[in-house]
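First comes the structure, then the notes that go with it.
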Amino acid sequence: MIKPALEDLKEIRKRLKKNKLPKIHAGMKASDPEIGKFEVIPRENELEIRWDIIENGRRASGGVYKFSQLCHEPDFEKFRLDLGWLDLLDKEANRMLQSIPGPNEAMKESEFYRKLASSWRHWAQVEAGFMILE
């Protein structure tokens, strides 16, 4: 799935509904040498996300921000979009499809990761403060 341009978000947002925030907890992390990495770190009673995006074998972008900033501050829109389109979950879903021999079981396992990826992409596209707090 192709990451939308910042200029396209206004039009995209007209179709989006309120959803719950993506599931996040201290200690979450994933990495892939071709895609990048992310890590969720507890800092000062908040969760901080650190990530890097790899393009053409080199670090292309990344950041370290509090999850609350990313969720609620409009100035962090670009960073939300970058993080939401970090394709680690999609790659894991594809790995599940390839590694599990039974098609039904493979689809079931891969769907879990696809739903997570969809939740993060939704979060990345909506306006700051639009998501429902649990």
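Every number in this text was worked out from the coordinates using simple rules, so none of it is lab data. Keep in mind it's a predicted model, so treat the numbers as computed, not measured. Ideal geometry is used to build each Cβ from the backbone, glycine not excepted, and the neighbour counts take in all protein chains shown.
Things to note:
- Rounded to 10°, Cα long-axis angle of helix 103-125 versus longest principal axis of the chain: 10 degrees
- Cβ crowding within 10 Å, taken as a proxy for footprinting-reagent exposure, orders V126, V40 from fewest neighbours to most as V40, V126.
- Around the amide H of L47, modelled in the peptide plane, lie the amide H atoms of F67, S68, all under 5 Å away and 5 or more residues distant in sequence or on another chain.
- Net charge over other residues, Cβ less than 14 angstrom from the Cβ of N94 (K, R count +1; D, E count -1): -4
- Scanning residues 5 or more positions from M28 or on other chains, those with amide H under 5 Å from its amide H are V40, with H placed 1.01 Å from N in the peptide plane.
- Dipole orientation for the chain: of the candidates L83, H72, I132, I132 has the Cα lying most toward the positive pole (charges on Cβ; Lys, Arg +1; Asp, Glu -1).
- Considering only I12, V40, S61, the residue lying farthest towards the positive end of the dipole of the chain is I12, judged by Cα position with unit charges set on Cβ.
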